Amino acid sequence: MNDFLLSALLGVVEGVTEFLPVSSTAHLRITEALVGVDLGNGYWKMFTIVIQLGAIACLPIYFRARIAAFVASFVAAGREGKPLLRHPLSLTLIAFVVTAVPSLLLVKVIGKNLESLVVMSCSLIVGGIVMWVVDALYARHRLQTRTEQMEQMGLGQAVWVGACQICSAVFPGVSRSMSTIAGGQLAGMTRASALEFSFFLSMPTMLAATGYDLLKTLRDAHRSPLGAVQVDAHGWMLLMIGFVVSFVVAYGVVAWFMSWVRSRGFVPFAVYRIAAGAAVLLWTTRIV
């Protein structure tokens with residue numbers, strides 16, 4: 001495949017799947033396996049991280065009004081001496097810490113599964129079943145919803161959602177978005193509020209994760225001449241194309257997804273996860 005088309009394709013895959021509850025990690029890995037990308041190559045490892053940063057970059061822009069309002073209310077509350085522990089920005093940071101600390105401790109366990117298509121396919125299936133059950137309970141009003149907006153969240157909900165997000169770090173294919181949305185619904189949040197908090201939590205989480213991966217990739221390349229990342233003008237062009245495509249596509253997906261969940265549920269994504277996971281598992285067992 002032409003390098004420019006490959007760059008655009010991977011950018012589209014990342015942009016479409018990063019914030020949907022279908023696992024961008026699994027979809028990128030599967031796509032790269034299908035088109036023959038060498039994941040042992042330092043450049044393509046860096047490329048994957050760069051397009052993830054492209055997707056992340058769309059969130060502060062899309063939610064700029066909400067972020068500005070949260071910052072203003074946080075500053076005002078601080079000046080007035082009001083407690084800040086339950087402020088949306090504080091809860092986002094708390095949930096991030098709950099995820100980050102165990103994830104750092106489990107970094108060796110996480111590394112063992114990152115390239116396993118079997119683990120990813122099984123995670124897709126199990127995650128799809130969990131999401132289907134949780135959303136079905138929500139639709140039938142068996143889950144008591146009391147949190148309509150992020151401003152109404154409690155400390156316990158933030159800690160719970162952060163803990164649920166750990167599953168997506170340990171088992172690639174679970175999906176960070178799926179784990180936080182389903183966790184939020186189980187904690188009494190509406191679909192819309194769970195999704196919005198998932199987006200806000202993804203900003204520090206993904207920035208930290210991709211930053212760590214980028215530093216690790218560059219450090220490993222520096223230590224090993226054979227794995228050194230050599231980027232010429234052609235390589236920079238591919239990085240730019242992937243970044244921009246990922247950013248634009250992710251922005252459109254976020255806008256569409258926010259609208260979708262207000263009137264529809266997550267069952268279609270659950271069905272897709274199960275079908276895709278089963279297909280990949282069948283394909284993997286045939287090529288092994």
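Yes or no, residue by residue, for (1) modelled with pLDDT of 90 or more; (2) of a type in the set (S, T, N, Q); (3) part of a loop (DSSP other than H, G, I, E, B):
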| position | (1), (2), (3) |
| --- | --- |
| 210 | no, yes, no |
| 213 | no, no, no |
| 230 | no, yes, yes |
| 235 | no, no, no |
| 244 | yes, no, no |
| 247 | yes, no, no |
| 253 | yes, no, no |
| 256 | yes, no, no |
| 260 | no, no, no |
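Run down 59, 53 and say which single residue is part of a helix (DSSP H, G or I) and modelled with pLDDT of 95 or more.
One residue alone meets the criteria, 59.
I want to confirm something. Restricting to region 183-205 and keeping residues that are part of a helix (DSSP H, G or I) and over 22 Å from residue 255 (Cβ atoms), which single residue is most open to solvent (accessible area, probe 1.4 Å)?
Only one residue tops the list, namely 186.
I'd like to check something: does region 135-150 contain any residue that is open to solvent by 10 Å² or more (accessible area, probe 1.4 Å), free of Cβ contacts under 8 Å to residues at least 60 places away in the same chain and either among the β-branched types (Val, Ile, Thr) or part of a helix (DSSP H, G or I) (or both)?
Yes, region 135-150 contains at least one residue that is open to solvent by 10 Å² or more (accessible area, probe 1.4 Å), free of Cβ contacts under 8 Å to residues at least 60 places away in the same chain and either among the β-branched types (Val, Ile, Thr) or part of a helix (DSSP H, G or I) (or both).
When you check residue 53 against the structure, is it surrounded by fewer than 13 Cβ atoms within 10 Å (Cβ to Cβ), closer than 25 Å to residue 183 by Cα and of a type in the set (A, V, I, L, M, F, W, C), yes or no?
no
Based on what the data block shows, is residue 101 at pLDDT below 95, part of a helix (DSSP H, G or I) and open to solvent by 60 Å² or more (accessible area, probe 1.4 Å)?
yes
So which of 93, 106 ends up being open to solvent by 20 Å² or more (accessible area, probe 1.4 Å), farther than 20 Å from residue 189 by Cα and touching a residue at least 40 places away in the same chain (Cβ under 8 Å)?
Going through 93, 106 in turn, the sole match is 106.
What tally of residues in region 151-174 results from selecting those that are open to solvent by 40 Å² or more (accessible area, probe 1.4 Å) and touching a Phe, Trp or Tyr at 6+ places or on another chain (Cβ under 7 Å)?
0
The values are calculated or read from the model by the stated rules, or taken from the named source; none is laboratory data. Note that the coordinates shown come from a computational prediction; the quantities given were computed from them, not determined experimentally. Neighbour counts run over all protein chains shown; Cβ positions are idealised from the backbone, glycine included. When the accessible area is computed, the model is the full protein with side chains, heavy atoms only, and any ligands, DNA or RNA have been set aside. Shrake-Rupley method; radii C 1.70, N 1.55, O 1.52, S 1.80 Å.
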